[in-house]
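As structure tokens, the structure follows; a few thoughts come after it.
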Amino acid sequence: MNTQPYSHTNRGNTSVLIVDDVPINVTLIEKMLTPFHFSIRKAYDGQTALDMVAEQKPSLIILDLMMPGISGYDVIRQLRNNDETKKLPIIIVSALNSHEDIVKGFNLGANDFITKPIIVNRLHDSIKTQLDNTYGIENE
């Protein structure tokens, strides 16, 4: 497994939206992304996340599923039903870990599903894969 930090020429232009209703989880994920030097935006509920995506589409979304109001599943459903965001990479990071939860996430259109507690190398590898697959960004 490659543990080198991901880097590319325009890394500061790569924006990641972290969506989780638990502020400490958002802070933890943000710290895990420090080596990437991404532009980080944060939302603490599904509706705010959808509003932020409509305002400025991120390069990637890291999304919790269990949130009050609009769940992560509903966020995925709405993003996938919109031509502007249907190919936006979404990585689910959730404490939900049943086979049914994982299958539902992928069936709705998530690109990856990572269970909590988060293994930092697993998150980094997923981010690299999603950005490479979506934008053709490569390691230097």
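Might you let me know whether region 20-38 holds any residue that is assigned to a loop (DSSP other than H, G, I, E, B) and in contact with a helix residue (DSSP H, G or I) (Cβ under 6 Å, 6 or more places away or on another chain)? Give the derivation first.
Pass one, region 20-38, residues assigned to a loop (DSSP other than H, G, I, E, B): 20-22, 33, 37-38.
Next cut, in contact with a helix residue (DSSP H, G or I) (Cβ under 6 Å, 6 or more places away or on another chain) only: 20, 37.
Taking every residue of region 20-38 in turn, at least one turns out to be assigned to a loop (DSSP other than H, G, I, E, B) and in contact with a helix residue (DSSP H, G or I) (Cβ under 6 Å, 6 or more places away or on another chain).
Is it true that some residue in region 84-93 is more than 18 Å from I29 (Cα to Cα), touching a residue at least 40 places away in the same chain (Cβ under 8 Å), touching a Ser or Thr at 6+ places or on another chain (Cβ under 9 Å) and of a type in the set (K, R)? Yes, there is a match, as at least one residue in region 84-93 is more than 18 Å from I29 (Cα to Cα), touching a residue at least 40 places away in the same chain (Cβ under 8 Å), touching a Ser or Thr at 6+ places or on another chain (Cβ under 9 Å) and of a type in the set (K, R). Every residue in region 94-122 that is under 17 Å from P58 (Cα atoms) and of a type outside the set (S, T, N, Q), please. Of everything in region 94-122, those that are under 17 Å from P58 (Cα atoms) and of a type outside the set (S, T, N, Q) turn out to be G109, A110, D112. Applying the set (1) within 22 Å of L33 (Cα to Cα); (2) within 15 Å of the chain's Cα centre (by Cα) to G136 leaves exactly one unmet item: (2). Residues in region 38-49 that are closer than 23 Å to R77 by Cα and either among the aromatic types (F, W, Y) or at pLDDT below 95 (or both): 1 in all.
Kindly provide the set of residues from region 84-131 that are over 24 Å from M52 (Cβ atoms) and of a type outside the set (A, V, I, L, M, F, W, C), ordered by number. First the steps, then the outcome.
Pass one, region 84-131, residues over 24 Å from M52 (Cβ atoms): 97-103, 107, 115, 117, 119-122, 125.
Scanning region 84-131 gives N97, S98, H99, E100, D101, N107, T115, P117, N121, R122, D125.
Looking across region 13-37 at every residue that is within 22 Å of E84 (Cα to Cα) and at pLDDT below 95, the one that is farthest from the chain's Cα centre (by Cα) is identified as N13.
The values are calculated or read from the model by the stated rules, or taken from the named source; none is laboratory data. Only a predicted model underlies this, so the values are computations on that prediction, with no experimental measurement involved. In this analysis, Cβ positions are derived from the backbone assuming ideal geometry, glycine residues included, and neighbour counts consider all displayed protein chains.
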